[in-house]
Amino acid sequence: MFRKRKDKKDKHKDDYEPLIEGDLALRCVSYIDHPHDLTYNALIRECGSIGNSYLRINFYVPPSIGRTAYLPYDGKGTISIDRTIQEVCTHGRRLDSIITRAHVKDKQRTSLAILIDNSFQMTSDWQGDKLGQVVKPEKAPHILAKIAAVSILESLGRDVDEIDIITFDDDAQGPFNQWQLPPRELLKMKGGGLSRLDLGLAKLLQLEWEARPGDRILFILGGGLPFTGTNIVIDDIEVQVNVLYYLNRMLRQGVKATYIPFFTNDKLGDERVGGFSPRSLANKMRQLGVAVSEIDSESSLPMGLMNNFREMMIGPQKNMPMFEI
């Protein structure tokens, strides 16, 4: 986490310094309980600094490749002395043969989708019930998920052409754009209900989002385990298998997907319901080709976002030998 340095005497120092662990999460909890413009502005500023520092798309994507546009000669242009002899010898004494060509750059349209788990499993109350102890609200996964979502919207979200935000619990809500679900409303969300990630993915498929032209980037911010809540094992397995099927279908269409599970307590990540536990489902997604990086605390959030985004854009990093024998 970062905040602006107040000391401007040393210009060679970094522009940002680390925040105290839990500071941003505490602000988020405070804003939920007592919304205030000063708290909101501070949250947006800090989330924006995280995103701009760790989610820069030009860090991972090469620049557009220029291609020559051969247009009919219209009497305008600049004569290229370097091309004169070659073109005249090839095409004869034609003026349009020695005029420099215009260059254009291909630009891919980019669509961004963010699925946010707003289920009861993401709350501190649910964790407290499972562990039999009090869990502080700022330690809840849904607080970190909202911070991550705002960080993405305030950085990467400003560079894309289209944004679709879907929240899911017992059902999937959306898709919303950044004006229909602004950060102010997103930060106020309180978790409740089941974690039906399958319904969120199904909504994207219904919109044929995966078939849109250009680049399609999918962020899934969650950690809850999808199941029906009916205590029928076969139904729970069906829901979980649907999640994998939908993701595999999107990946085959060229979608770049990343799943960020917020496991703030190790004891809850391995509890099995249906065919999977939260951690084993995340591992299965990784096998399909989804970039997965667990985040367990506020301090690990910036690097976790960066690692996930890098792996999604350029693939997993391979350890190459330093020397060859």
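The values are calculated or read from the model by the stated rules, or taken from the named source; none is laboratory data. Just so it is clear, the model here is predicted, and its values are computed rather than measured. Every residue, glycine as well, gets a Cβ built from its backbone with ideal geometry; the counts of neighbours run over all protein chains shown. These area figures cover heavy atoms from the full protein model, side chains too; ligands, DNA and RNA do not enter into them. Shrake-Rupley method; radii C 1.70, N 1.55, O 1.52, S 1.80 Å.
All but one of (1) among the charged types (D, E, K, R); (2) outside any helix (DSSP H, G or I); (3) crowded, with 16+ Cβ neighbours inside 10 Å; (4) over 17 Å from the mean Cα position of the chain (by Cα) hold for Lys284; state the number of the condition that does not hold.
Answer for Lys284: the failing condition is (2).
Determine, yes or no, whether Arg184 is in a strand (DSSP E or B), open to solvent by 10 Å² or more (accessible area, probe 1.4 Å) and closer than 29 Å to Gly48 by Cβ.
no
State which residue is most open to solvent (accessible area, probe 1.4 Å) when the search covers only the stretch 156-173 and only residues that are of a type outside the set (Asp, Glu) and modelled with pLDDT of 90 or more.
Only one residue tops the list, namely Gln173.
Yes/no per residue for (1) open to solvent by 10 Å² or more (accessible area, probe 1.4 Å); (2) under 27 Å from Ile44 (Cα atoms); (3) modelled with pLDDT of 90 or more; (4) polar (S, T, N, Q):
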position	(1), (2), (3), (4)
Val135	yes, yes, no, no
Glu154	yes, yes, no, no
Leu207	yes, no, yes, no
Gly214	yes, no, no, no
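Out of the stretch 224-252, which residues are out of contact with any strand residue (DSSP E or B) (no Cβ under 8 Å at 6 or more places or on another chain) and under 20 Å from Ala291 (Cβ atoms)?
Of everything in the stretch 224-252, those that are out of contact with any strand residue (DSSP E or B) (no Cβ under 8 Å at 6 or more places or on another chain) and under 20 Å from Ala291 (Cβ atoms) turn out to be Pro226, Val243, Leu244, Tyr245, Tyr246, Asn248, Arg249, Arg252.
So, Leu197, is that one among the hydrophobic types (A, V, I, L, M, F, W, C), surrounded by fewer than 21 Cβ atoms within 10 Å (Cβ to Cβ) and under 22 Å from Leu247 (Cα atoms) or not?
no
Kindly provide the set of residues from the stretch 131-175 that are closer than 19 Å to Lys267 by Cβ, in a helix (DSSP H, G or I) and among the basic types (Lys, Arg), ordered by number.
Lys139
In the stretch 118-130, what count of residues is obtained for those that are under 18 Å from Leu197 (Cβ atoms) and in a helix (DSSP H, G or I)?
Result for the stretch 118-130: 4.
Residue check: is Leu268 in a helix (DSSP H, G or I) and modelled with pLDDT under 90?
Yes; evaluated as a whole, the condition is true for this residue.
Residues being in a helix (DSSP H, G or I), within 12 Å of Asp159 (Cβ to Cβ) and modelled with pLDDT of 70 or more: count how many of those fall in the stretch 47-66.
2
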